[in-house]
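These notes concern the structure reproduced below.
The values are calculated or read from the model by the stated rules, or taken from the named source; none is laboratory data. Predicted model only: the values in this text are computed from it and were never measured. A quick note on method: Cβ atoms are made from the backbone with ideal geometry, for glycine too, and the neighbour counts reach across all protein chains shown. Heads up: the accessible areas ignore ligands, DNA and RNA and are worked out on the full protein's heavy atoms, side chains in. Shrake-Rupley method; radii C 1.70, N 1.55, O 1.52, S 1.80 Å.
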Amino acid sequence: MKNLVLAVLVLVSAVAQAAFFDSGQGARPTGLGEAFVAVADDANAMYYNPAGMIQIKMLSTTATYTGYMEGLSDSFAAIVVPVPGYGAIGISWLGLTAASSYSESTLKVAYAYPITKQYTLGLALKMLSKSYTLDSVAAGNPFFSSTSASGLGLDVSFFGRLSEGIAVGVSIENINAPDINVGSSDPVPMNIRFGGRYKFDKSLLVSLEGDLNGEDVKVKGGSEYWLDPGLMKDLGAVDSEIGFRGGVGYGNNSYLNVDLGFSFYLPSKIADLRFDYSFTMPLMYIEGAGTHRFSICITDPRPAFNL
Amino acid sequence: MRKIFFLLPVLLFAFSPALGYYDDFTTYDSYYSIIDPCNNVSTAPLVISAAGTDTSNITVDAVSFRDGGKSIRWDKTGLTSVTTQVSRSGMASINMAALTTGVLQFWYYLPSIVGNWNRAAANISSDSTYSIGGNNATVATSVPLLTSLATNTWNYFKVNLPAWPASVDQTAIKSWSVEFISSTATATCTAIRLDDIRVVSANNTTNGVWSEDSGVWSIYNNSGTKVYRQNGNCDIANPQLLLNKFYKDFIATVDVNVQSANAQYAGLVLNQNVSDSSYYLYNFNAQTRGFEIKKFNGSALVNATSTAAATTTTAATNFTYSLKVVSKSGVLYCYHSIDSGATWCSADYSFQETGSIAGRLGFLAGSTAGDATVYFTNLVIQPLPYAITATAGDGRVDISCNSDAKAGEVVSYNIYRGTVSKTYGTALTTTTSPGYTDIGVSNGVTYYYAVTANVNTSSSTNVETPLALAEEVAIVPHAGIKISNNPFTPNGGAAFSKASFSVFNQINEDVSMLIYKPNGTLVANLNAGNTSVVWSSGALSSTISWDGKNNSGRIVDGGVYVWQIKVGGSVAGKGTVVLAK
């Protein structure tokens, strides 16, 4: 049975190719090497695994800006609201712009439904939109009867907490492969994530994930460590905490990324804030490429506390 | 097992930022600080720092510099060991007896100012202990600060010293002070730090005093004559240096007077190496009456590179000559003149130094054969702009260069441009910074650029460094890479099925392009070879196209892709291109 499931997943993914590319979102997940499908314990779950929202105990938000290179950047924001006894709901927005020639956006709403105490099902509906701006030559292209298109996508996800420290997650995105085009077929491909994580204690977790997206196959892993709160107190930063993380992603088609990151958690009377930073260094990419990400979150206490 | 995962993020993170928390005080170092093993220089840069609060006169008590004319070495230890007190009496006493005319300069740093601290003044005054006709008196003047009161930055202060009444016995003045004064009683400055206090004196009664005036170094003796006097033996392991000042390319000239035929060393110290203290000495040896270039390694003479024939036929007593050294692109050229610089010899020596070029300058004088008084006067150092670079743009060229000049040394830079090498005509423009953007150029044309500096000297504020010594750089402005038909539609008509990249390719090298998804996944690896065509004024352009296919030959999905183009193995550009469906 397991082999059959895996075979189906690989087969389905192999017929699709990315259009709304998965470049990772959130400085904390990317600091973990994007191995976040089985972590998914803050508002970034809206991007990686909405079922993981079940772990969130209070209203949480996150906002991330990413500048890939001159003229290419994206922004991501998400809000998650726990509904006691019924799971959690969330909404997110992702926008990308490319040198004034292209833009795309994804507006997503999601619901995490607790099937049992251990297992949670996630469903997400999203509006995908893209728009082209033509240069002087392309402006004469009769192909462009329209320069924008949009459609609906459906995501299904799963989160299972197998024990106090072990959890697994699966996310199947664009399961309906919405065809969003201005002239010829351009289906947004299915993207499949699956993985597990293990929390040694309240300070340390490791995570492993596999991604299937068309012809691209990736394995990602990362680890996160939060410093002893007592140490921060000794340093005079009462209640604040610092976490560090690192990750690696490897795949076919010259994909090899190294990720580093840290977080600074700062509780306050108004809101508990967390500032995340990550740096992604693609080792087999264009020269001089490296991506900085900054996130600001209103969140639960540091996520690793949620054993 | 747990330790392994604990170490992963910690170690990875530890390697990432090259953060340095260690403060080696390099930013506080005095420049032009002096080491004088011969105990013959009385004033070195003085560093004072103090913290405190005063509601009226923002002052720091004097740190006396009265060491009887002995040399002081201000190094890291010196910077941190200086202590001061807060009072209203002023600060920075400088032992400058009989200072009558000249220039006072220093850098000051105000961390913060609270309240309305109006325009401050630098009160320059003598101390209260000197005597005129048996009556104690003070002489003082107030000089408004000519520079800003900006906080959290170093501000440069320089002012001409006031003239004193003729009745004042200037030789009785023991010290000076500088005072920051607020015009209100409510202002508070939390701290003041002074650095590089230096007095340019026209007269000094005690020993020699180094003097710096915007690129011109002068040294004065007790009779008011510009001179650095070295009397007797000198330690060749520790020549008189202008420290913390490194000139990569420069022109240095100095006049030298040798009083005695005993003088064995009387020349310029060149390129002292920081790590091993080795240096070259371009020297007149009065004993052999010839000009020499020698190399000293620490305290030992390791190589008498060459010795010129005797220059004078008579004993070298009261013999005056001039030395000139040009350092350019790692090569040192040494010249002498015996007619006060009216004519210079062909280079006595020129040599290429291997390894890094320290460019630190200094003097060495003395003898092992008895008294050998030597005077150095009129040292002028002109730092040459170097490492000129030109970056081509679309109808523009960005010029930049390095300069080792310190504040006040270089007034401006002249930018030269020509279409024939070493042929420029008049300067294209004059700028205050070592850089310029030239938008008066045409794509495809080869231009040659050179930069000279206009240097402050004692006789002029605008002495241009020789154009003949200026580095030259050639550049061809071009449009770089231009994309046509973006977005492109591989599933549409043939005319619009490819994105075309026009690439500047001056010498017809191979052109290649990589296509990636934004997440770093490789899509296509393309090679156009060398297929250039002439496009403008002899410059070449190549065209490389992407038809939307990956390395498997399949048209990929719509979206934004990242490209990188190489010409001849070097990255020529990168950007994004959009495939539409």
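Descriptive notes on the structure:
- Hey, A:Y65 in contact with a Phe, Trp or Tyr (Cβ under 7 Å, 6 or more places away or on another chain), open to solvent by 10 Å² or more (accessible area, probe 1.4 Å) and part of a helix (DSSP H, G or I) or not: no
- Set side by side, the residues B:G435, B:G440, B:G480 differ, and just one is within 14 Å of another protein chain (Cβ to nearest Cβ) and either open to solvent by 10 Å² or more (accessible area, probe 1.4 Å) or in contact with a Gly (Cβ under 7 Å, 6 or more places away or on another chain) (or both), which is B:G480.
- Positions within segment A:24-49 being closer than 17 Å to A:Y111 by Cα, in contact with a Lys or Arg (Cβ under 7 Å, 6 or more places away or on another chain) and outside any loop (DSSP other than H, G, I, E, B), in sequence order: A:M46, A:Y48
- Residue check for A:I89: away from chain B (no Cβ under 14 Å), touching a strand residue (DSSP E or B) at 6+ places or on another chain (Cβ under 6 Å) and loosely packed, with under 15 Cβ neighbours inside 10 Å: no
- Residue check, A:E209 more than 9 Å from chain B (Cβ to nearest Cβ) and either among the charged types (D, E, K, R) or within 24 Å of B:K517 (Cα to Cα) (or both): yes
- Selection from segment A:218-253 of residues that are at pLDDT 95 or above and among the aliphatic types (A, V, I, L, M): A:V219, A:V248
- Residues of segment A:153-178 that are more than 14 Å from chain B (Cβ to nearest Cβ) and within 25 Å of B:G492 (Cα to Cα): none at all.
- Selection of segment A:107-142 for residues being among the hydroxyl-bearing types (S, T, Y), within 14 Å of another protein chain (Cβ to nearest Cβ) and under 19 Å from the mean Cα position of the chain (by Cα) yields only A:S129.
- Qualifying residue in segment B:477-485 (condition: in contact with a helix residue (DSSP H, G or I) (Cβ under 9 Å, 6 or more places away or on another chain), in the same structural domain as B:I544 (by TED's automatic domain parsing) and part of a loop (DSSP other than H, G, I, E, B)): yes
- Count of segment A:179-206 residues, restricted to those that are closer than 23 Å to A:N253 by Cβ and either within 15 Å of the chain's Cα centre (by Cα) or more than 11 Å from every other protein chain (Cβ to nearest Cβ) (or both), is 6.
- Filtering segment B:512-523 to residues that are in contact with a Leu (Cβ under 9 Å, 6 or more places away or on another chain) and either of a type outside the set (S, T, Y) or facing chain A (nearest Cβ under 7 Å) (or both) leaves B:M513, B:L514, B:I515, B:Y516, B:P518, B:G520, B:L522, B:V523.
- Each residue in segment A:62-100 was checked for being more than 24 Å from A:N191 (Cα to Cα) and among the β-branched types (V, I, T), and 2 of them qualify.
- If the condition is being within 14 Å of another protein chain (Cβ to nearest Cβ) and open to solvent by less than 10 Å² (accessible area, probe 1.4 Å), then segment A:35-47 contributes A:A35, A:V39.
- Only one of the numbered conditions (1) part of a helix (DSSP H, G or I); (2) at the interface with chain B (Cβ under 10 Å from one of its Cβ atoms) is violated by A:G249, and that is (1).
- Count of residues meeting criterion [of a type outside the set (S, T, Y) and open to solvent by 10 Å² or more (accessible area, probe 1.4 Å)] in segment A:111-129: 9
- The one condition in (1) in contact (Cβ under 8 Å) with a residue 40 or more places away in the chain; (2) open to solvent by 10 Å² or more (accessible area, probe 1.4 Å); (3) within 14 Å of another protein chain (Cβ to nearest Cβ) that A:M58 fails to fulfil: (3)
- Listed by position, the strands (runs of 3 or more DSSP E) enclosed by segment B:337-406 that each have at least 2 residues that are at pLDDT below 75 and either of a type in the set (K, R) or open to solvent by 30 Å² or more (accessible area, probe 1.4 Å) (or both) are B:349-352, B:374-383.
- Selection count, segment B:486-497, where residues are crowded, with 18+ Cβ neighbours inside 10 Å and outside any loop (DSSP other than H, G, I, E, B): 2
- Subset of segment A:258-274 [open to solvent by 10 Å² or more (accessible area, probe 1.4 Å) and closer than 30 Å to A:N213 by Cα]: A:V258, A:L260, A:F262
- Residue satisfying all of: in segment A:182-240; of a type in the set (S, T, Y) and in a loop (DSSP other than H, G, I, E, B); surrounded by the most Cβ atoms within 10 Å (Cβ to Cβ) among these: A:S203
- Residue within segment A:268-286 that is under 23 Å from A:V170 (Cβ atoms), part of a strand (DSSP E or B), free of Cβ contacts under 8 Å to residues at least 40 places away in the same chain and within 13 Å of chain B (Cβ to nearest Cβ) present: no
- Any hit, segment A:69-77, residues being at pLDDT below 95 and in a loop (DSSP other than H, G, I, E, B): yes
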